[in-house]
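The next block holds one structure in the form of structure tokens; read it before the comments.
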2 protein chains.
Amino acid sequence: MQSVRTLASRTHRAYQAFLKQGSTKLKNGMLFGLAEALAEHKPVLLSENRKDLDQGTRDGLSKALLDRLALSDKTIDGMAKACADIASLPDPVGRITEMVVRPQGFRVGRMRVPIGVIGIIYEARPNVTVEAAALCIKSGNGAILRGGSGAHRSNMALVRLIQDVLKGCGTDENLISAIESTDRSAVDELVVQEGLVHLIIPRGGEGLIRSVVEKSRIPVLKHYKGVCHVYVHEQADLDMAENITVNAKVQRPAVCNAAETLLVDEAVATLFLPRIVLKLQSLGVEIRGCERTRAIFPDNVKPAAEDDWTAEYLDLILAVRVVNGVGEAIDHINRYGSNHTEAVVTADIRVAEQFVREVDSSSVMVNASTRLADGGVYGLGAEIGISTDRLHARGPMGLEELTSYKWVLLGDGHIRE
Amino acid sequence: MQSVRTLASRTHRAYQAFLKQGSTKLKNGMLFGLAEALAEHKPVLLSENRKDLDQGTRDGLSKALLDRLALSDKTIDGMAKACADIASLPDPVGRITEMVVRPQGFRVGRMRVPIGVIGIIYEARPNVTVEAAALCIKSGNGAILRGGSGAHRSNMALVRLIQDVLKGCGTDENLISAIESTDRSAVDELVVQEGLVHLIIPRGGEGLIRSVVEKSRIPVLKHYKGVCHVYVHEQADLDMAENITVNAKVQRPAVCNAAETLLVDEAVATLFLPRIVLKLQSLGVEIRGCERTRAIFPDNVKPAAEDDWTAEYLDLILAVRVVNGVGEAIDHINRYGSNHTEAVVTADIRVAEQFVREVDSSSVMVNASTRLADGGVYGLGAEIGISTDRLHARGPMGLEELTSYKWVLLGDGHIRE
């Protein structure tokens, strides 16, 4: 088996060659080719996936994990569609923004360019293999993929398919490569290949991500967790507040943009809490309330401990706190939150403005559900992950976030006076 | 003396308060106030600077270093003008770019926000203290400044002035703070304050920067060195090529965007090299040439060693190499360069396009001098440094590069279907 360093050198060399060769036409051709190849090679993909599933069953994986791992005719069609969708997005590379004429008479602007080689570390779902590869191809980047060991055979079959398509287009297939070793030490080796690898995107549990950040000498874009809040202001339309809260908590509780804490203004607590708590409980949600919440519901609501304010339940559990106005709500969010996504429900424009300005999160929603924090919903077309960091990219990351820029100056003999 | 951690907590708290308080009007008022205060307090600034200069003389600093350290009426006026100039620049914070209406009917866009607390580590020049503080104030960031020990008294006097202005405006003066210890270990402590400090910008020699990068657990934006190239294509206007080469090498050789290597197409080598070499030699430039260059000048040109291709001379020395066309020039630059700034001189638009596309540097010039790579020249107004990294900011960094963004979604009860 080749070392991670050798793999990284090869991918880096393929990336440099692709810089010269990777026209929009070629890249889109590859993506449509990949969509076709996926449809054509379903039997081998399903049979490799079957082996992963059998192994997972023997290893006693939970039903939820097996579900995430499973491929089907339909999920493979979904991957093929994602490739075609990414092909149809505008090419971010080569775009020059705001080229201005300076007083001296030359023009200067910024041209979008690929970032380089991106290491992507992820867990169960094999569809990430295809989507990450497709996004990197379209944005002109090389990629080194490292999927979860439970999906190893499925991922390797997908990478072989991708590399065959690259080769068929006359491109060095190492542009998209995968780490074959399922050993944890291979990840440790990947994150120190500075100079060959330019960005690391880890996706998965907090433990995985913390370990990557701890060891990486390469910039990492990531989010640890999503402790998202819905804040119901006293001027909220309470029907709207109920709809948004239910959607944010219940529609898909296991994802990072689902709400974990509800903050309610004291002025509407006795009006709003009875209806929302009963509604959520009827939908199977367990409520953990602050003392003021429990003063209204002494029996049906468990007490929230300090830990509940920072908990990412990813489950049908909601922490509820009564607050005194928008200032206290913002302070709670900035103290306990994870800088992911927060929503305010209010009819008062000044409260909305203050919430947007002062909440320090990657997405801030006014009168909308936290579940809308998503690259597709925002119009990015497809996302490679979500960042709660402050540099480069924040929130959902799409094609443009997979590019950097360089300054281009067009002169006619201009010199520095 | 307070610990770096205490200092960082105080600056972080001041930054968070400034998020709520820092209107454009207040920020501009501070900057104009600082300009006035600088003009008013020249005597104390000059006398503190005198002590640094005396100490430097006793320590045997070079004349060049003492020159960089020295304040004068004129340099203080320059700092005051920089503050007023930064006040007159548009406020980057709060600007929302491309707010689009999505098919579901809500609007979504990105709002520029401050990055947070920025640690700035720099060497001799005290004017960096004022310019860095002014740029951070205008962009809403907190700053922790750590200047060179040789300028310690000057820097402390400037920081006291800045803090007095902040206090006078009713703002927590810890927004702009300075590390008082001149001990190297204080820098090591600064770069591990993740959570309190969000970005490190080191400016200075390669040794300082490498040591910061090695130890930092916080993102660092930097450039190690500037090994800038001028490439003269066979279709170049040779008068223009001479002008640009002379300007790039001679106008200010000690700065990072001065040229260090000249690449000349073989087809024009016998025509161009005699004139440019004699011209540069008449201006005191030492030429170190490849074998083909020395075949034309066997006597007056020293041989270039492998090390010369990666050397940042910062002096009147130029490495010269004859190449076979644009492909070889690009390969040389991407192999030996420092990703800073490169120029091509050509009349062939396809060569210019190829050079712009394939050269992997933060600034690429067509028919213009490398010396034009500068925030002021590009229209950024003022720059806090230059980045040759790939993430977040590349090339000169101005106010906008000192901001991040968050997604803002304005709905009317919108939920995820």
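Number of residues in region B:184-217 that are more than 12 Å from chain A (Cβ to nearest Cβ) and not in a helix (DSSP H, G or I): the value is 8.
Taking each residue of region A:15-40 that is polar (S, T, N, Q) and looking for partners that are crowded, with 16+ Cβ neighbours inside 10 Å with beta-carbon atoms closer than 6 Å, six or more apart or interchain, yields A:Thr24/A:Asp91; A:Asn28/A:Ala87.
Considering region A:339-350, the residues that are surrounded by fewer than 24 Cβ atoms within 10 Å (Cβ to Cβ) and aliphatic (A, V, I, L, M) include one that is nearest to B:Gln21 (Cα to Cα), namely A:Ile349.
More than 24 Å from A:Ser216 (Cα to Cα), in contact (Cβ under 8 Å) with a residue 12 or more places away in the chain and crowded, with 20+ Cβ neighbours inside 10 Å: which single residue out of B:Ile162, B:Ile201 fits that description? When all the criteria are applied, what remains is B:Ile162. Determine whether region A:365-375 contains at least one residue that is modelled with pLDDT under 95, more than 7 Å from chain B (Cβ to nearest Cβ) and in a helix (DSSP H, G or I). For region A:365-375, residues modelled with pLDDT under 95, more than 7 Å from chain B (Cβ to nearest Cβ) and in a helix (DSSP H, G or I): present.
I need the full set of residues from region A:394-417 which are farther than 28 Å from B:Asn257 by Cα and outside any helix (DSSP H, G or I), in order please. Once the filter is applied, which keeps residues that are farther than 28 Å from B:Asn257 by Cα and outside any helix (DSSP H, G or I), region A:394-417 yields A:Arg394, A:Gly395, A:Pro396, A:Met397, A:Gly398, A:Leu399. Those helices (runs of 4 or more DSSP H) of region A:1-97 in which at least 1 residues are within 14 Å of chain B (Cβ to nearest Cβ) and closer than 13 Å to A:Ile137 by Cα, considering only elements entirely within it, cover A:4-21, A:24-40. Among the residues making up region B:72-123, those that are surrounded by 18 or more Cβ atoms within 10 Å (Cβ to Cβ), in contact with a Lys or Arg (Cβ under 8 Å, 6 or more places away or on another chain) and more than 25 Å from B:Leu199 (Cα to Cα) are B:Ile76, B:Val108. Counting only helices (runs of 4 or more DSSP H) that sit completely within region B:225-327, those holding 3 or more residues that are surrounded by 18 or more Cβ atoms within 10 Å (Cβ to Cβ) and either within 14 Å of chain A (Cβ to nearest Cβ) or modelled with pLDDT of 95 or more (or both) correspond to B:238-250, B:266-282.
I need the full set of residues from region A:101-116 which are of a type in the set (A, V, I, L, M), in a strand (DSSP E or B) and at the interface with another protein chain (Cβ under 9 Å from one of its Cβ atoms), in order please.
Of all residues in region A:101-116, those of a type in the set (A, V, I, L, M) come to A:101, A:108, A:111, A:113, A:115.
If we keep only those that are in a strand (DSSP E or B) too, we end up with A:101, A:108, A:111, A:113.
Matches in region A:101-116: A:Val108, A:Met111, A:Val113.
Considered as a group, the residues in region A:378-417 that are among the aliphatic types (A, V, I, L, M) and at the interface with chain B (Cβ under 7 Å from one of its Cβ atoms) include one that is farthest from B:Asp239 (Cα to Cα), and that residue is A:Leu391. Being at positive phi and in contact with a helix residue (DSSP H, G or I) (Cβ under 7 Å, 6 or more places away or on another chain) is a condition met by at least one residue of region B:120-143. Taking (1) within 27 Å of the chain's Cα centre (by Cα); (2) over 18 Å from A:Thr370 (Cβ atoms) in turn, A:Arg275 satisfies each apart from (1). Determine whether A:Ala134 is modelled with pLDDT of 95 or more, small (Gly, Ala, Ser) and part of a helix (DSSP H, G or I). So A:Ala134 fits the description; yes. The residue list A:Asp237, A:Asp308, A:Asp265, A:Asp299 contains one member that is in contact with a His (Cβ under 9 Å, 6 or more places away or on another chain) and not aromatic (Phe, Trp, Tyr), which is A:Asp265. A single entry from A:Arg110, A:Arg95 fulfils the requirement of being of a type in the set (D, E, K, R), touching a Ser or Thr at 6+ places or on another chain (Cβ under 8 Å) and either under 30 Å from B:Ala368 (Cβ atoms) or outside the structural domain of A:Gly205 (by TED's automatic domain parsing) (or both): A:Arg110.
The values are calculated or read from the model by the stated rules, or taken from the named source; none is laboratory data. Quick caveat, the model's predicted, so the values are computed rather than measured. As a convention, Cβ positions derive from the backbone with ideal geometry for all residues, glycine included, and neighbour counts pool all protein chains shown.
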